[in-house]
1. Give me the residue from segment 50-104 that is in contact with a Gly (Cβ under 7 Å, 6 or more places away or on another chain) and of a type in the set (A, V, I, L, M, F, W, C) and, out of that set, nearest to residue 33 (Cα to Cα).
2. Is it true that some residue in segment 5-16 is farther than 15 Å from residue 93 by Cα, touching a residue at least 40 places away in the same chain (Cβ under 8 Å) and over 14 Å from the mean Cα position of the chain (by Cα)?
3. Any residue at all in segment 60-74 that's β-branched (Val, Ile, Thr) and over 13 Å from the mean Cα position of the chain (by Cα)?
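Just so it is clear, none of the values below were taken in a lab; they were calculated from the coordinates. As the structure is a prediction and not an experimental result, all values here were calculated from the model. Methodologically, a virtual Cβ is constructed for each residue, glycine included, from the backbone with ideal geometry; neighbour enumeration extends over all protein chains shown.
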Amino acid sequence: MAIELTTENYGEVAASKLPVLIDFGAEWCGPCRMVAPIVEELAGEYEGRVLICTCDAEKSDDIVATYKVRNIPTLVFLKEGQEVARIVGATTKAEIVDKLSKLL
């Protein structure tokens with residue numbers, strides 16, 4: 001299951017030794033609702049290898065600003081705390097897996 005990223009747990013996630021995927025979205029966003037089940041599925045498949053998080057863009061302005069998220073859904077891929085890839089807009093599982101494989 002994906003971790004819900006909040007201001008309270010952001011420091012722990014940012015300091016993770018594992019690669020990180022953050023899915024920025026919102027409940028009202030149609031494309032976000034298409035991507036969310038894929039992200040949840042991948043959270044199970046990559047458990048212990050990649051830290052997969054979801055972030056409600058409307059509730060976490062500070063985190064949204066940190067990553068300069070302008071549109072949702074946005075998927076941000078981090079390695080050693082640094083952004084290494086980004087996908088903006090609805091996407092496929094194959095495209096996300098391709099980016100994740102480059103993190104490992």
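1. Filtering segment 50-104 for residues that are in contact with a Gly (Cβ under 7 Å, 6 or more places away or on another chain) and of a type in the set (A, V, I, L, M, F, W, C), the one nearest to residue 33 (Cα to Cα) comes out as 72.
2. The answer is yes, given that some residue of segment 5-16 is farther than 15 Å from residue 93 by Cα, touching a residue at least 40 places away in the same chain (Cβ under 8 Å) and over 14 Å from the mean Cα position of the chain (by Cα).
3. yes
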